[in-house]
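Data block below; observations after.
The values are calculated or read from the model by the stated rules, or taken from the named source; none is laboratory data. Every value quoted in this text rests on a predicted model; they were computed, and no experiment measured them. Cβ placement follows ideal geometry from the backbone for every residue including glycine, while neighbour counts extend to all protein chains displayed. Just the protein is used for accessible areas: all its heavy atoms, side chains included, with ligands, DNA and RNA removed. Shrake-Rupley method; radii C 1.70, N 1.55, O 1.52, S 1.80 Å.
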Amino acid sequence: MGQQRKTVHLLLAMVLAALTMGAVSVVAKGDIIVGFRSSTYTLEGYNYKVDVPRFDIDGVDGAYLQARDVFNRSVRRAADIYIARAGDHVDVKTGTNYVYTNQQVLSTKFSVSIYNEGAAHPYEDFITHNTRTETGKALVLRDLFTNVDSGLSVLQQQAAILVPKATDGEPYYKDALLPKEDNYRHWAVAKDGLRVYFGEIASHAAGNIMITVPWQALDKVLKPDMKAALTA
């Protein structure tokens with residue numbers, strides 16, 4: 001009987017994965033913990049259709065299970081807030097999502113495209129979320145650095161180099177690069193560095209600006225345990 005249940009659960013998981021393969025999502029996977037798998041599910045209703053990223057894991061308890069739940073609840077909460085904007089004159093659709101996992105972190109940028117009737121174009125709204133798998137707790141920017149001011153200083157220095165390239169030389173809002181936590185609050189983990197999402201700080205045509213700060217540039221300001229977790 002136990003084996004039959006496992007078989008049924010596996011079949012259901014395979015069906016669910018097949019149903020969600022069409023979602024608009026960029027998935028970058030590192031050395032994945034055995035059992036962790038990313039997928040999406042769709043929330044659809046009057047004037048909204050949104051693909052929501054999530055992580056699943058089987059056969060574990062404790063921090064890993066908590067990490068999954070913290071991640072999934074946080075992203076779902078953001079999705080509910082976004083689709084609440086939909087109505088007679090507002091359309092909410094899926095944006096471009098980014099998902100990454102390695103041995104110690106679950107990371108995402110979850111976004112939607114919102115169009116207000118009569119507007120010249122839609123705009124993207126988004127959140128980022130990062131969960132430490134070994135503790136089951138969400139991470140914020142100041143968790144990464146031995147000294148948050150030193151970390152912000154390095155981020156500003158790197159942004160001053162990378163943002164002009166991301167905007168193709170267009171003018172941009174320079175105050176967005178000041179070493180303030182609020183300016184760098186939207187971040188996600190990648191294999192090659194820390195992704196920082198600034199939003200629309202140049203022209204609409206330039207889009208939402210994202211840079212990737214190389215791990216090497218952050219080497220001296222990251223907490224040792226965070227360096228190990230983020231670059232695993």
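Observations, loosely collected:
- The alpha carbon radius of gyration of region 94-232, expressed as a multiple of 2.2 N^0.38 Å, is 1.07.
- Accessible surface of region 57-203 [probe 1.4 Å, protein heavy atoms]: carbon and sulfur percent: 48 percent
- Kirkwood Rh in Å, taken over all unlike Cα pairs in region 37-109: 13.3 Å
- For THR231, no residue whose modelled amide H falls within less than 5 Å of its own remains once neighbours fewer than 5 places apart on the same chain are excluded.
- The listed residues VAL189, VAL70 rank as VAL70, VAL189 when sorted by accessible area, largest first, using a 1.4 Å probe.
- Applying the Karplus relation 6.51 cos²θ - 1.76 cosθ + 1.60 with θ = phi - 60° to region 183-189 yields 3J(HN,Hα) values of 5, 10, 6, 9, 9, 8, 9 Hz, where x marks Gly and Pro.
- A 1.4 Å probe, protein heavy atoms only, puts the accessible area of SER74 near 20 Å².
- Cβ-based net charge around SER113, under 15 Å, with every Lys or Arg adding one and every Asp or Glu removing one: -3
- Using the Karplus relation 6.51 cos²θ - 1.76 cosθ + 1.60 with θ = phi - 60°, the per-residue 3J(HN,Hα) values for region 106-116 come to 10, 9, 8, 10, 10, 9, 10, 9, 10, 10, 9 Hz, with x marking Gly and Pro.
- For peptides 127-133, 111-117, sequence by mean Cβ density within 10 Å, most packed first: 127-133, 111-117
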